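Can you read through this structure? Questions will come right after.
The values are calculated or read from the model by the stated rules, or taken from the named source; none is laboratory data. Note that the structure is predicted; figures quoted are calculated from it, not measured. No Cβ is skipped: glycine too gets one built from the backbone with ideal geometry, and neighbour counts run over all protein chains shown. For accessibility, only protein heavy atoms count, side chains too; no ligands or nucleic acids. Shrake-Rupley method; radii C 1.70, N 1.55, O 1.52, S 1.80 Å.
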Protein chains: 2
Amino acid sequence: VDEADRRDIASLFRYAENSVGAIMTTDYAWLPINLTTGQAIERLRAQAPDRETIYYVYVLDEATRRMLGILSLRALVMSEPGTPIRDVMLKRDPITLRASDDREKAATALIKYDLLALPVLDDDGRLVGIVTHDDIVDVITQEATEDIQRAGGMEALDRPYLEVGFWEMMKKRGGWLSILFLGEMLTATAMTYFQGEIEKAVVLAMFVPLIISSGGNSGSQASTLVIRSLALIELRLRDWWRVLGRELKSGLALGTWLGLIGFLRVAIWHYTGLYDYGEHHFLVGLTVFLALIGVVTLGSVSGSMLPFILRRIGFDPATSSAPFVATLVDVSGLVIYFTVAVLILTGRVL
Amino acid sequence: VDEADRRDIASLFRYAENSVGAIMTTDYAWLPINLTTGQAIERLRAQAPDRETIYYVYVLDEATRRMLGILSLRALVMSEPGTPIRDVMLKRDPITLRASDDREKAATALIKYDLLALPVLDDDGRLVGIVTHDDIVDVITQEATEDIQRAGGMEALDRPYLEVGFWEMMKKRGGWLSILFLGEMLTATAMTYFQGEIEKAVVLAMFVPLIISSGGNSGSQASTLVIRSLALIELRLRDWWRVLGRELKSGLALGTWLGLIGFLRVAIWHYTGLYDYGEHHFLVGLTVFLALIGVVTLGSVSGSMLPFILRRIGFDPATSSAPFVATLVDVSGLVIYFTVAVLILTGRVL
């Protein structure tokens, strides 16, 4: 059965796109149980030229096709020719799949146990196909590509860049761009709310991109880390509390660091005469400093918690892509920044 | 040789961290050339229990350890017992590696040719080790993790999230955050340059985050797509021209779409009385419309070209992460936006 036939078979059975059924092959080597290893090798010689792999051979009940065990070619070759294969085959708890399983399950099992192939059984324990290591490697690569593309703030393409048609590309990118744009519109609303402050101290507008992008960047880091760790099962849902603690600490430290640079920016520009921040330049610098601590901490915390929340309510954590987190943090970052400004500058600049 | 010993051997020879040498095993099965397949199987029975894999057996010159061919266990089992192994082994153009090769080369070759293991030779063609499929699967997963983390705007962690110490995490994240912050400082400079316009029409400041973030988002999409395609060798350096054409077209289409939404935002808010954009509200809407076309096109084009430029001058394309592109586009996006505003609004609002 070649690649094209295999696809036909898969589509015939209408296995879902990301299911084990869609990547399995029916082109496995099998043997009945009442053989010696010597006889088994003879039988394999006859059928092997047509089989995708003979490194794992499946021992089936001839009448029902129920799987009784797995025989590795290594074990077969290593044993004395007269040994019954039932003494050499692996019987207990073999890792098996269902055709309806998610293909990621196959990938995880194959990686964890360093296997060359996994058997796919039906509800009655009959062998319906096998998933081989080379197909799993393709799955791992494709899944990583999808994760990376979603992290970039778009729907995953299912084909190479140059093979995707123009309008399909527009759909995959335009959908998310529109959602992000609608979300980002709230920044205009937030700024309208603080229009009076901007009119009195236009200097405040100068720092808007600098401050909100810092929150977006720290949020992008945090969400990327957590999404990947959840995908690799290095983090589980119950770890959210530990992550929150770490990200709160990280956000405060990173925010203080950027805040110091921001404060120095104001001081250096002021004292070298590059820009006149007026008599209250210290307070302007302080506003930038405190706003950055708040915004970067908000970015780290919301970027790290959003994937947990999405997973908890049954969505894909990867939806909280870097651009998505950045949009959320842009809006709330503006509110933090102008609130700090009002608290510190009212009565002086404002 | 178990896992721990293998690491020792690797460190003994001081192979670079991401080299083939660091993941290879010296624990391969080998045979001299003057054997029949039957004799070969007998010899394998003796040495196989200690070998990591016997599915590929390496045929070596006994005196020099030069590799003469590769024998698959499948071919060995399939052939008649009296056949000389030199007639069964694979001699011509086998894919071989050097210990100093990047481990990604091993991954690419193994995926492309669906192999179980690859031989590692020294300069004289002597077999120094093999790289097996299970180690390659780990490499693929790790490389994807590194790419995803760099796409999130940080240095790749080399261990799971919860195992990385606080200060190490600060270093990996703080470095890039600082670079992005310093770059983003140019937005404050750019806005200072247009301070006069903002003072005259504070409404211009309201749309700053909306407009520049749209450029960042489209740039993030484009850079993510191109970086991943370069990594998978779906795109090569010479394809830059085709990508430029596509991204120019995509950017114009997506920018026009977002521009229309932006224009509608101004019109709807104005006519429903949510915000009074004054008598020149049409021109304000037009400014937003045209600026979005310019900024989104700039984002798509620069996001897609930057990875090519970085690769061309010898840097890792992954350096042009989404946050890095967003920072570049924020600065130039501001210039585009205010230039459009000056062109359209001077004499009316300005």
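Kindly evaluate A:ASP8 against the criterion of being acidic (Asp, Glu), modelled with pLDDT of 65 or more and out of contact with any strand residue (DSSP E or B) (no Cβ under 7 Å at 6 or more places or on another chain).
Numbers: acidic (Asp, Glu): yes; modelled with pLDDT of 65 or more: no; out of contact with any strand residue (DSSP E or B) (no Cβ under 7 Å at 6 or more places or on another chain): yes.
No: the conditions fail for A:ASP8.
Taking the residues in region A:294-316 that are within 13 Å of chain B (Cβ to nearest Cβ) and surrounded by fewer than 24 Cβ atoms within 10 Å (Cβ to Cβ) as candidates, determine which candidate is nearest to A:LEU237 (Cα to Cα).
The extreme case among them is A:PHE308.
Name, by its number, the condition in (1) within 9 Å of chain A (Cβ to nearest Cβ); (2) farther than 19 Å from B:ALA341 by Cβ; (3) touching a Leu at 6+ places or on another chain (Cβ under 9 Å) that does not hold for B:GLY251.
It fails just one condition, (1).
Given the structure, is B:PHE207 open to solvent by less than 40 Å² (accessible area, probe 1.4 Å), more than 13 Å from B:THR297 (Cα to Cα) and in contact with a Leu (Cβ under 8 Å, 6 or more places away or on another chain)?
On the way: open to solvent by less than 40 Å² (accessible area, probe 1.4 Å): yes; more than 13 Å from B:THR297 (Cα to Cα): yes; in contact with a Leu (Cβ under 8 Å, 6 or more places away or on another chain): no.
The answer is no for B:PHE207.
To continue, here is another question. Among the residues of region B:43-60, what is the count of those that are surrounded by fewer than 15 Cβ atoms within 10 Å (Cβ to Cβ) and basic (Lys, Arg)? Show your work before the answer.
Filtering region B:43-60 for residues surrounded by fewer than 15 Cβ atoms within 10 Å (Cβ to Cβ) gives B:45-47, B:49-50.
Now drop any that are not basic (Lys, Arg), which leaves B:45.
Counting residues in region B:43-60 that are surrounded by fewer than 15 Cβ atoms within 10 Å (Cβ to Cβ) and basic (Lys, Arg) gives 1.
Looking at region B:45-70, which of the residues that are outside any strand (DSSP E or B) and touching a residue at least 60 places away in the same chain (Cβ under 8 Å) is farthest from A:MET78 (Cα to Cα)?
So in region B:45-70, the residues outside any strand (DSSP E or B) come out as B:45-52, B:61-65.
Narrowing the set further to residues that are touching a residue at least 60 places away in the same chain (Cβ under 8 Å) leaves B:52, B:64-65.
Details: B:GLU52: 14, B:THR64: 28, B:ARG65: 25 Å.
Among residues in region B:45-70 that are outside any strand (DSSP E or B) and touching a residue at least 60 places away in the same chain (Cβ under 8 Å), the one farthest from A:MET78 (Cα to Cα) is B:THR64.
Would you call B:THR287 more than 28 Å from the chain's Cα centre (by Cα) and open to solvent by less than 40 Å² (accessible area, probe 1.4 Å)?
Details: more than 28 Å from the chain's Cα centre (by Cα): yes; open to solvent by less than 40 Å² (accessible area, probe 1.4 Å): yes.
Answer is yes for this residue.
I would also like to ask the following. I'd like the residue in region A:11-25 that is surrounded by 15 or more Cβ atoms within 10 Å (Cβ to Cβ) and touching a Ser or Thr at 6+ places or on another chain (Cβ under 8 Å) and, out of all such residues, is modelled with the lowest pLDDT.
Applying the filter and picking the extreme gives A:TYR15.
If I go through region B:81-97 residue by residue, how many of them are in contact (Cβ under 8 Å) with a residue 24 or more places away in the chain and out of contact with any Lys or Arg (no Cβ under 9 Å at 6 or more places or on another chain)?
Initially, region B:81-97 is screened for residues in contact (Cβ under 8 Å) with a residue 24 or more places away in the chain, giving B:81-86, B:88-89, B:94, B:96-97.
From what's left, out of contact with any Lys or Arg (no Cβ under 9 Å at 6 or more places or on another chain): B:81-86, B:88-89, B:94, B:96.
Within region B:81-97, residues that are in contact (Cβ under 8 Å) with a residue 24 or more places away in the chain and out of contact with any Lys or Arg (no Cβ under 9 Å at 6 or more places or on another chain) number 10.
For region B:80-94, enumerate the residues that are open to solvent by 20 Å² or more (accessible area, probe 1.4 Å), closer than 27 Å to B:GLU42 by Cα and part of a loop (DSSP other than H, G, I, E, B).
Let us first name the residues in region B:80-94 that are open to solvent by 20 Å² or more (accessible area, probe 1.4 Å), namely B:80-84, B:86-88, B:90-94.
Subset that is closer than 27 Å to B:GLU42 by Cα: B:80-84, B:86-88, B:90-92, B:94.
Hits for region B:80-94 are B:GLU80, B:PRO81, B:GLY82, B:THR83, B:VAL88, B:LYS91, B:ARG92, B:PRO94.
Can I ask one more? Across region B:184-198, which residue is nearest to A:ILE212 (Cα to Cα) among those that are open to solvent by 10 Å² or more (accessible area, probe 1.4 Å) and facing chain A (nearest Cβ under 7 Å)?
For region B:184-198, the residue satisfying everything is B:MET185.
Here is a further query. Quick one: which residue in B:ARG45, B:ARG65 is of a type in the set (Lys, Arg) and at pLDDT 90 or above? Don't jump to the end; show me each part of the working.
Details: B:ARG45 fails: at pLDDT 90 or above.
Sole residue among the options that is of a type in the set (Lys, Arg) and at pLDDT 90 or above: B:ARG65.
Does region B:216-228 contain any residue that is open to solvent by 10 Å² or more (accessible area, probe 1.4 Å), more than 7 Å from chain A (Cβ to nearest Cβ) and either part of a helix (DSSP H, G or I) or basic (Lys, Arg) (or both)?
Yes, there is a match, as at least one residue in region B:216-228 is open to solvent by 10 Å² or more (accessible area, probe 1.4 Å), more than 7 Å from chain A (Cβ to nearest Cβ) and either part of a helix (DSSP H, G or I) or basic (Lys, Arg) (or both).
Say whether the condition of being in contact with a Gly (Cβ under 6 Å, 6 or more places away or on another chain) and under 23 Å from A:LEU35 (Cβ atoms) is met by at least one residue in region A:91-100. Give the steps one after another, and end with the answer.
Restricting attention to region A:91-100, the residues satisfying the condition of being in contact with a Gly (Cβ under 6 Å, 6 or more places away or on another chain) are A:91, A:99.
Checking which are under 23 Å from A:LEU35 (Cβ atoms) leaves us with A:91.
Within region A:91-100, one or more residues are in contact with a Gly (Cβ under 6 Å, 6 or more places away or on another chain) and under 23 Å from A:LEU35 (Cβ atoms).
Anything in region B:101-124 that is within 12 Å of another protein chain (Cβ to nearest Cβ), over 24 Å from the mean Cα position of the chain (by Cα) and assigned to a loop (DSSP other than H, G, I, E, B)? List them, or say none.
Matches in region B:101-124: B:LEU116 only.
I've got another one for you. Residues being without any contact (Cβ under 8 Å) to a residue 24 or more places away in the chain and part of a helix (DSSP H, G or I): count how many of those fall in region B:307-350.
4
So which of A:ALA75, A:ALA40 is buried (at least 22 other Cβ atoms within 10 Å of the Cβ) and over 27 Å from A:ASP123 (Cα atoms)?
Working: A:ALA75 fails: buried (at least 22 other Cβ atoms within 10 Å of the Cβ).
Checking each option against the conditions leaves just A:ALA40.
Check A:GLU234 against each of (1) open to solvent by 10 Å² or more (accessible area, probe 1.4 Å); (2) closer than 30 Å to B:ILE179 by Cα; (3) more than 7 Å from chain B (Cβ to nearest Cβ); (4) not hydroxyl-bearing (Ser, Thr, Tyr) and name the one condition it does not meet.
The number of the failed condition is (3).
Which residues, counting only those in region B:190-209, are under 16 Å from B:GLY278 (Cβ atoms), in a helix (DSSP H, G or I) and β-branched (Val, Ile, Thr)?
Quick first cut of region B:190-209, residues under 16 Å from B:GLY278 (Cβ atoms) only: B:197-207.
Subsequent filtering for residues that are in a helix (DSSP H, G or I) retains B:197-200, B:203-206.
Result: B:ILE198, B:VAL203.
What's the number of the condition B:GLY259 fails, among (1) in a helix (DSSP H, G or I); (2) open to solvent by 20 Å² or more (accessible area, probe 1.4 Å); (3) under 26 Å from B:SER300 (Cα atoms); (4) more than 9 Å from chain A (Cβ to nearest Cβ)?
Of everything listed in (1) in a helix (DSSP H, G or I); (2) open to solvent by 20 Å² or more (accessible area, probe 1.4 Å); (3) under 26 Å from B:SER300 (Cα atoms); (4) more than 9 Å from chain A (Cβ to nearest Cβ), B:GLY259 misses just condition (2).
Just one of the numbered conditions (1) more than 11 Å from chain A (Cβ to nearest Cβ); (2) closer than 21 Å to B:LEU343 by Cα; (3) open to solvent by 50 Å² or more (accessible area, probe 1.4 Å) is not true of B:TRP241; which one?
Every listed condition holds for B:TRP241 apart from (2).
While we're looking at this one, here's another question. Take the conditions more than 20 Å from B:VAL57 (Cα to Cα), surrounded by fewer than 18 Cβ atoms within 10 Å (Cβ to Cβ) and in contact with a strand residue (DSSP E or B) (Cβ under 6 Å, 6 or more places away or on another chain) and apply them to A:ILE70. Does it pass?
Numbers: more than 20 Å from B:VAL57 (Cα to Cα): yes; surrounded by fewer than 18 Cβ atoms within 10 Å (Cβ to Cβ): no; in contact with a strand residue (DSSP E or B) (Cβ under 6 Å, 6 or more places away or on another chain): yes.
Spelling it out, it is not the case that A:ILE70 is more than 20 Å from B:VAL57 (Cα to Cα), surrounded by fewer than 18 Cβ atoms within 10 Å (Cβ to Cβ) and in contact with a strand residue (DSSP E or B) (Cβ under 6 Å, 6 or more places away or on another chain).
Filter region B:125-153 down to residues that are in a loop (DSSP other than H, G, I, E, B) and within 9 Å of another protein chain (Cβ to nearest Cβ) and give me whichever is surrounded by the most Cβ atoms within 10 Å (Cβ to Cβ). Give the steps one after another, and end with the answer.
Step one: filter region B:125-153 for residues in a loop (DSSP other than H, G, I, E, B), giving B:125, B:152-153.
From the residues that got through so far, the ones that are within 9 Å of another protein chain (Cβ to nearest Cβ) too are B:152-153.
Values: B:GLY152: 28, B:GLY153: 26.
Among those that are in a loop (DSSP other than H, G, I, E, B) and within 9 Å of another protein chain (Cβ to nearest Cβ), it is B:GLY152.
Considering only region B:26-36, how many residues are open to solvent by less than 60 Å² (accessible area, probe 1.4 Å), polar (S, T, N, Q) and at pLDDT 90 or above?
Residues flagged as open to solvent by less than 60 Å² (accessible area, probe 1.4 Å), polar (S, T, N, Q) and at pLDDT 90 or above within region B:26-36 amount to 1.
Then there's this: Restricting to region B:165-177, count the residues that are more than 7 Å from chain A (Cβ to nearest Cβ) and within 18 Å of A:SER220 (Cβ to Cβ).
4
Step by step: first the residues of region B:154-183, then only those that are open to solvent by 10 Å² or more (accessible area, probe 1.4 Å) and among the charged types (D, E, K, R), then the one that is nearest to the chain's Cα centre (by Cα). Which residue is that?
Among residues in region B:154-183 that are open to solvent by 10 Å² or more (accessible area, probe 1.4 Å) and among the charged types (D, E, K, R), the one nearest to the chain's Cα centre (by Cα) is B:GLU155.
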